[in-house]
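So the structure is just underneath, and the comments pick up after that.
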Amino acid sequence: NKILDVEYLKGLFEQEAGQFDEAVATWDKVANGDNRKARAHAIFDRTELLLKLKRLTIDDAIDQLDKLRFAWRGDDFELAVLRRLGNLQIEAKHYRDGLKTLRQAAIFFPDSPVTPAITEKMHKTFEDLYLGDEINNISAIKAVALYDEFRELTPAGEKGDELIRRLADRMVSVELFGRAEDLLRHQIDFRLTGHEKARVAARLALVYLLDNKPKQALEVLDSSDSPELGDDLVRQRLHLRARALLDTDQGEEAMKLLADDMSKEAEFLRIEYYRKQ
């Protein structure tokens, strides 16, 4: 067994000397031996070297490390394997697998000095995914499922609010109205005040209207009025209120609201009212 320990170290020296083929051959021999610890370390370093030499694809490397994670448990080496595996899975755009692996690393080794970097990687991956363009390459159903599984990674403040709004838009695009309503409702009830609350309430009112729930649209507009609103938002909310009134057979009330409004949107609402009449 100690001979294999020495052989493993020999592979390290060969790699340092640029003798890559020799290092791979040495680690192949150790990987086929009966020294569990030396075998695990040899497979890990051989995988890294072959990946660096472009003799192994990322998916092949993921395969190797996924098997290796069960070969040696309970110390810094297991943490190193989990961390590298999670990072490779994220690099290969296997986001759910990568976040799950990194979460395991953080849970299994909460006191490690590298754990804060692991959790930071998780937060950054989640944020980049939902606030960047990559989310458009994932189906809306998968995007929602991933959010449900890792919602604790939602950033605080404006970034988190924007993330939730973008996700709600994806839900609406595939007519997951109920899920979008829940997300936006939570924002209004617990995360926002003033102008931002009124703005997101307008978005929620629109979703309610798309979901044939005009009474709920009126309720959310009523409960989010604020004196801090700009002209554009005031006009948008007015048109949403008029639409909701039309959809609840309160056309006359809607026309009173629009009496001084000569915008194109108001004209469309008036035309619809008179057509119904």
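The values are calculated or read from the model by the stated rules, or taken from the named source; none is laboratory data. Computed from a predicted structure; not experimentally measured. Quick reminder, even Gly has a Cβ in these numbers, built from the backbone with ideal geometry, and neighbours come from all protein chains shown. Just the protein is used for accessible areas: all its heavy atoms, side chains included, with ligands, DNA and RNA removed. Shrake-Rupley method; radii C 1.70, N 1.55, O 1.52, S 1.80 Å.
Between Val114 and Leu131, 0.36 nm times their residue separation minus their Cα-Cα distance comes to what?
Between Val114 and Leu131, full extension yields an extra 3.5 nm.
Nearest 20 debye, what's the magnitude of the dipole of the range 1-120 about its Cα centre given +1 on Lys and Arg Cβ and -1 on Asp and Glu Cβ?
320 debye
Please compute the modelled spin-label separation between Glu158 and Glu252, points set 7 Å along Cα→Cβ, answer in nm with one decimal.
With each label placed 7 Å out from Cα toward Cβ, I get 4.6 nm.
Pull out a ≥ b ≥ c, the square roots of the eigenvalues of the alpha-carbon gyration tensor of the range 161-218, then state rounded if a/c is under 1.5, prolate if not and a/b is larger than b/c, and oblate in the remaining case.
Cα axes put the range 161-218 in the oblate bin.
Identify the GluC sites (Glu not before Pro) of the range 128-216 meeting these criteria: DSSP loop state and at most 14 other C-beta atoms within 10 Å of the C-beta.
Here the sparse-neighbourhood loop sites are Glu175.
Could you list the chymotrypsin sites (Phe, Trp or Tyr not before Pro) in the range 25-99 that lie in coil according to DSSP, counting only those with at most 12 other Cβ atoms within 10 Å of their Cβ?
Phe70
Pick out, in residue order, every one of the trypsin sites (Lys or Arg not before Pro) in the range 25-58 that is DSSP loop and has at most 14 other C-beta atoms within 10 Å; say none if there are none.
Qualifying residues, ordered by number: Lys54, Arg55.
To the nearest 20 Debye, how big is the dipole of the chain about its Cα centre, given +1 on the beta carbon of each Lys and Arg and -1 on that of each Asp and Glu?
For this selection, approximately 500 debye.
Cα gyration tensor of the range 1-99, axes a ≥ b ≥ c as square roots of the eigenvalues: rounded (a/c below 1.5), prolate (a/b > b/c) or oblate?
Here the range 1-99 falls in the oblate category.
Bins of 5 Å, beginning at zero and ending with the bin holding the largest distance: percent of Cα pairs per bin for the chain, please.
Cα pair-distance distribution for the chain, in percent: 1, 5, 10, 11, 12, 10, 9, 7, 7, 5, 5, 5, 4, 3, 3, 2, 1, 0, 0.
Multiplying the sequence separation of Lys29 and Asn212 by 0.36 nm and subtracting their Cα-Cα distance, what value in nm do you get?
59.1 nm
Beyond 27 Å between alpha-carbons counts as too far, so tell me which of Lys52/Lys121; Lys29/Lys67; Lys256/Lys276; Lys67/Lys93; Lys54/Lys121; Lys10/Lys100 fall in that bin.
Lys10/Lys100
Using 0.36 nm times the number of residues separating Arg235 and Glu272, minus their current alpha carbon distance, what extension gain do you get?
Full extension from Arg235 to Glu272 adds 11.5 nm.
Taking the Cα centre of the chain as the origin and placing charges on Cβ (Lys, Arg +1; Asp, Glu -1), which of Gly132, Val24, Leu240 is farthest toward the positive end of the dipole?
About the Cα centre, the residue reaching furthest to the positive side is Val24.
Taking the range 181-257 on its own, what percent of its Cα-Cα pair distances exceed 22 Å?
More than 22 Å apart: 18 percent of the Cα pairs in the range 181-257.
Using a probe of 1.4 angstrom, how much of the accessible area of the chain is carbon and sulfur, in percent?
After summing per-atom areas, the C and S share lands at 50 percent.
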